[in-house]
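What follows is a short report on a single structure.
The values are calculated or read from the model by the stated rules, or taken from the named source; none is laboratory data. Only a predicted model underlies this, so the values are computations on that prediction, with no experimental measurement involved. Cβ placement follows ideal geometry from the backbone for every residue including glycine, while neighbour counts extend to all protein chains displayed.
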Amino acid sequence: MRGADQHPAHNAIVLGIGSMNSAPCCHLARRGQQVFGLERFDIPDSMGSSHGVSRIIRLAYCEDPRCAPLLRCAYRLCRELEIRFREALVFLTG
C-alpha cells in the first residue's frame, strides 16, 4: 500500500462520470483543480440518461428561480463547445 504522500491531492471527487458529471470534472480541471472521477459503468455506457439521439432542455422551470441562470450558463457553455468542435449541439425549436 502506498503512503499518502505518493498520491496526488484531489480538490474534488465526482461520483459518476456521465454527461452531467463529466462537465464539472472538465471545468474544475480547466481551473487547475485535481479532480478524481469514479464511474461504476464503462465510459461511455448505455445506462446513462444521455444515451440516445435526443434530449430536451428548457429555460422555463418553475421549481426554483435559481434554475434559469444555471440554464443560461448551460446554453452558453454548449455554444462554446459548438464553436470549439465545429459541431451543432443545440437546436432551438420554439
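Under the condition of being assigned to a helix (DSSP H, G or I) and either in contact (Cβ under 8 Å) with a residue 60 or more places away in the chain or more than 14 Å from the chain's Cα centre (by Cα) (or both), the residues counted in region 60-78 number 4.
Note on region 24-47: residues that are closer than 24 Å to LEU92 by Cβ and modelled with pLDDT under 85 total 0. Checking each residue in region 1-14 for being outside any loop (DSSP other than H, G, I, E, B), over 28 Å from ALA88 (Cα atoms) and at pLDDT 85 or above picks out ALA12, ILE13. Whether any residue in region 63-70 is among the small types (Gly, Ala, Ser), modelled with pLDDT of 80 or more and surrounded by 10 or more Cβ atoms within 10 Å (Cβ to Cβ) is what I want to check. Looking through region 63-70, at least one residue is among the small types (Gly, Ala, Ser), modelled with pLDDT of 80 or more and surrounded by 10 or more Cβ atoms within 10 Å (Cβ to Cβ).
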